[in-house]
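The structure under discussion appears below in the form of structure tokens.
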Amino acid sequence: MDGVSPRRRLVALLAAAVLVLVLGGVAVRAVTGGPAPAAAPPAPSPQQPGPVLLLPGYGGSTSSLERLAVTLRARTGRDVRVVRAVGDGTGDLTAQARALASTVSTLIRGGAPSVDVVGYSAGGVVARLWAARYGGATQARRVITLGSPHQGTEIAQVAQELAPDRCPTACQQLAPDSDLLRQLPQGAVPGPAWVSLWTSRDDVVTPPSSGRLQGAMDVQLQSVCADDQVQHSGLPDDPLVAGIVARAIGTTALTAAPGPAECEKLRRAGRPA
């Protein structure tokens with residue numbers, strides 16, 4: 001007798017058998033390479049145009065953007081969509097940016113190579129939030145802002161001071177020097193090509209020069225058509241705006257801001273077909 005009980009001998013034999021099976025499995029995986037890892041989703045390709053997304057301003061109204069979408073579809077042949085605001089469009093702009101991120105991610109997973117984003121008024125700030133915090137800078141090809149209060153608007157500041165109960169979260173966030181604006185990168189987030197359009201006659205974004213965005217192609221409408229009288233609410237319906245946006249989302253690279261010599265050409269390109 002070797003002094004080892006039958007029970008211990010059985011346990012030892014089972015352990016050895018398990019070890020052989022484990023080592024055998026390792027050897028097979030080493031030879032075959034194991035199961036192939038799941039394929040990663042394709043990376044967005046900013047050089048290839050995908051859907052064009054129009055973002056509404058404060059309050060979430062989309063009627064003028066729907067008309068702009070019709071014009072852009074007719075003039076460019078692109079897939080142009082209006083993104084509905086969360087709630088009534090006066091809540092936290094960060095929630096609007098997260099909703100945009102979800103919409104874009106769905107499009108990218110569905111095969112879109114990239115997106116172009118046009119943000120009207122507060123929608124331009126939403127686009128900046130999305131680009132800076134939610135991956136938009138790697139998904140967008142072009143970002144165009146229309147009369148967006150990039151440095152805030154004094155009207156929101158006055159509302160916050162005189163009637164705080166009538167200045168909801170988005171209103172507070174659009175006041176100059178708000179926490180949200182201070183925490184954003186001060187210029188255009190690297191990645192997409194940025195264009196900022198604004199009118200010197202803006203009666204909502206005050207001062208109107210708040211529509212400028214550092215690092216973007218800056219286009220004051222009156223520098224293109226000196227007689228352009230459009231105010232804030234009329235920006236999405238202005239033929240000059242539509243013509244510039246149609247060019248900005250085109251397939252050719254953006255090289256220079258348009259000038260007076262192109263005024264009538266751009267207006268014609270921005271009128272409904």
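The values are calculated or read from the model by the stated rules, or taken from the named source; none is laboratory data. Just so we're clear, the structure is a prediction, and the values are computed from it rather than from any experiment. Here the Cβ is made from the backbone with ideal geometry for all residues, glycine too, and neighbour counts use every protein chain on show. Surface areas here come from the heavy atoms of the whole protein model, side chains and all, with no ligands, DNA or RNA. Shrake-Rupley method; radii C 1.70, N 1.55, O 1.52, S 1.80 Å.
A few comments on the model shown:
- The stretch 69-117, residues that are assigned to a loop (DSSP other than H, G, I, E, B) and among the acidic types (Asp, Glu): 79, 88, 92
- Screening the stretch 227-257 for residues that are more than 18 Å from residue 120 (Cβ to Cβ), of a type in the set (A, V, I, L, M, F, W, C) and out of contact with any helix residue (DSSP H, G or I) (no Cβ under 7 Å at 6 or more places or on another chain) and picking the one that is least open to solvent (accessible area, probe 1.4 Å) gives 257.
- Residues that are open to solvent by less than 20 Å² (accessible area, probe 1.4 Å) and either farther than 23 Å from residue 244 by Cα or aromatic (Phe, Trp, Tyr) (or both) within the stretch 64-93 comprise 89, 93, listed in sequence order.
- Residue within the stretch 183-203 that is modelled with pLDDT of 95 or more and touching an Asp or Glu at 6+ places or on another chain (Cβ under 6 Å) present: yes
- The set of residues from the stretch 174-186 being open to solvent by 50 Å² or more (accessible area, probe 1.4 Å) and outside any loop (DSSP other than H, G, I, E, B) comprises 179, 182, 183.
- Search result, residues across the stretch 153-173 that are out of contact with any Ser or Thr (no Cβ under 6 Å at 6 or more places or on another chain) and not in a helix (DSSP H, G or I): 163, 167
- Residue list for the stretch 217-264, filter: in contact (Cβ under 8 Å) with a residue 40 or more places away in the chain, part of a helix (DSSP H, G or I) and not small (Gly, Ala, Ser): 224, 232, 235, 236, 237, 241, 244, 245
- Of all residue pairs spaced 6 or more apart or on separate chains, those with beta-carbon atoms under 7 Å, a first member in the stretch 154-180 that is over 21 Å from residue 60 (Cβ atoms) and a second member that is assigned to a loop (DSSP other than H, G, I, E, B) and open to solvent by less than 80 Å² (accessible area, probe 1.4 Å) are 154/176; 154/206; 157/175; 157/176; 176/152; 177/152.
- Options 189, 195, 205: the member that is part of a strand (DSSP E or B) and in contact (Cβ under 8 Å) with a residue 12 or more places away in the chain: 195
- Candidates 169, 145, 138, filtered to the one that is β-branched (Val, Ile, Thr), under 22 Å from residue 103 (Cα atoms) and open to solvent by 10 Å² or more (accessible area, probe 1.4 Å): 138
- Check on residue 110, over 24 Å from residue 175 (Cβ atoms), open to solvent by 10 Å² or more (accessible area, probe 1.4 Å) and under 12 Å from the mean Cα position of the chain (by Cα): no
- Sub-7 Å Cβ pairs linking a first residue in the stretch 118-133 that is over 21 Å from residue 68 (Cα atoms) and without any contact (Cβ under 8 Å) to a residue 60 or more places away in the chain to a second residue that is open to solvent by less than 10 Å² (accessible area, probe 1.4 Å) and in a loop (DSSP other than H, G, I, E, B), at least 6 apart or interchain, are 129/184; 132/184, ordered by first then second residue.
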